[in-house]
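A short worksheet on the structure shown next.
The values are calculated or read from the model by the stated rules, or taken from the named source; none is laboratory data. What you see is a predicted model, and the numbers here were worked out from it, not measured in a lab. Here the Cβ is made from the backbone with ideal geometry for all residues, glycine too, and neighbour counts use every protein chain on show. Surface accessibility is based on the protein's heavy atoms, side chains included, excluding ligands, DNA and RNA. Shrake-Rupley method; radii C 1.70, N 1.55, O 1.52, S 1.80 Å.
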Amino acid sequence: GGQITRSIEAIKKQWAEQHTSPLSVDYLAYLPDYQVTSVNAINLQRDRLIDRSDKSFFPDRIQKLLSGAPARQQAQRVLEFLTGILGVVESVDISSLRLTQRYQQTGEALFRVVSNLDFQPWRLRVTGPAGCGKTLLGQALFQRARKEKLRTRYLCYNRPLADNLAKAMRAPDHVMTIDRLTNEFPLEQGVAAGVDAMGFEDRRQCILANPAPENWLHDLLVVDEGQDFSRSQAALVEHLLAPGGRIVWMDDPWQNLYQYEDPVTFNNTVTLRLRENFRNARRITRLINFLLKPEFKDEAASAIEGDEVEVVGVEDARLEDAVVDAVRKALDAGYELGSIAVLSYHGYSSSVLLKKERLGPWPVRRFTGTYDSKGEQVYTAGQLRLESLHRFKGLQA
């Protein structure tokens, strides 16, 4: 009763500070889980208490209290007085954290499922869109195999992805591109003249022509970006598998940069099709479905709805200014500079942007085209990531 009285007085006081006309304030206390047995309080009236026995009459009681001719101007003033607006938007870094947590939970769930699969021969194809958890699954299977002291290797097509995963999993000698594996496989000097000058394709044919030595056979081979592997690269993967060994082949047909007509498959392969896209904002996923119209649509499963996608057309002379404007918009929205990537459809040889040392006021981070003494790619020291579409594929996370 005391709380109701204080609430009514507070409302009247605030009203009086803003208006000269008086305001009549009444009350109802709704107690649907209780039965009122007695009322012994000077500031409570029984007919203002709606308990379990008469809760079905709640709407009728409200209508009775509000009966009579409406004072429309007063009603509008009361409505405006009671309408409070608080505008809040979730912080970008918190949204990103929630997205990452959900993505990792998905990867863990996939790992538990796949770990319990039993079939022979063990050939699993995991196909799905970017952001569905394929790479997380591959990493988990690879890490467990290493703990169990199994002979294992994680193979990618894309050099930046391979380098990134090698660092993340602390396995520089076991995570690599398929071409690096081809190059490191020892060939007998008598196989062909000028073996050191051979191209990757010729080397693979030499490797495939002979049984692989025992120390080059693997118990588990995890293949990422399988849609970009050629048939000879896929044949090499199977060639290096130990008897009873397992292959996890992960691909996304919509990222088929080299337009291979038929995806590489192995005999008796079990396919696990993933459709949920956890990484991209839901609006982006819906736009992808609208533009590409895939046979199996991506399911928008991100924790973030996202903003509308902007498409801006500019003349070549204004390209840099347009990109700078876009980066400023992202910064204003709360994104950190290190979380923004500027991608060019053109490669390093023909892109105007990829030759820049700075964009607007920001030094850029881009591949210099050189390698250090350990064979690792050298990047400029800026924070704003600048990359070609092809090289960035696989690094969306």
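What to note about this one:
- Rounded percent of accessible protein surface that carbon and sulfur make up, the chain, 1.4 Å probe: 51
- Separation of the alpha carbons by more than 32 angstrom is noted, of 149/374; 297/356; 297/374, for 297/356; 297/374.
- For 103, 154, 258, the ranking by accessible surface with the largest value first comes to 258, 103, 154, using a 1.4 Å probe.
- Accessible area in the full protein assembly, largest first, 1.4 Å probe, for 387, 90: 90, 387
- The residues of segment 1-42 present an accessible area of 79 Å² per residue when probed at 1.4 Å with all protein chains retained.
- Rounded to the nearest 10 square angstrom, residue 299 shows an accessible area of 90 square angstrom against a 1.4 Å probe.
- Computed from point charges on the beta carbon alone (+1 for Lys and Arg, -1 for Asp and Glu), the dipole magnitude for the chain about its Cα centre is near 1080 Debye.
- The calculated FRET efficiency for residue 119 paired with residue 314, based on their beta-carbon distance and R0 = 51 Å, is about 0.45.
- In segment 133-176, the ratio of gyration radius to Kirkwood radius, Rg to Rh, stands at 0.93 when only Cα atoms are counted.
- Inter-label distance for residue 51 and residue 26, nm, one decimal - labels placed 7 Å from Cα along Cα-to-Cβ: 2.1
- Size of electric dipole in segment 207-306: Cβ of Lys, Arg +1 and of Asp, Glu -1, about Cα centre, debye, nearest 20: 440
- Once all protein chains are placed together, residue 257 keeps about 60 Å² accessible to a 1.4 angstrom probe.
- Rounded to the nearest 10 Å², the accessible area of residue 44 at probe 1.4 Å: 40
- Cα gyration tensor shape of segment 264-308, rounded if a/c is under 1.5, else prolate or oblate by comparing a/b with b/c: prolate
- Over the chain, dividing the summed -39,500 (n - 2.57) contributions of all DSSP H runs of at least 4 residues by the number of residues returns a 222 nm mean residue ellipticity of -10500 deg cm²/dmol.
- Overall dimensions of segment 209-270, expressed as equivalent-ellipsoid semi-axes from the Cα gyration tensor (√(5λ), whole Å, largest first), are 23, 12, 10.
- Global form of the chain, assessed from the alpha-carbon gyration tensor, a/c cut-off 1.5: prolate
- Comparing 338, 368, 351 along the charge dipole axis of segment 304-397, the residue lying farthest to the positive side is 368, per the Cβ-charge model.
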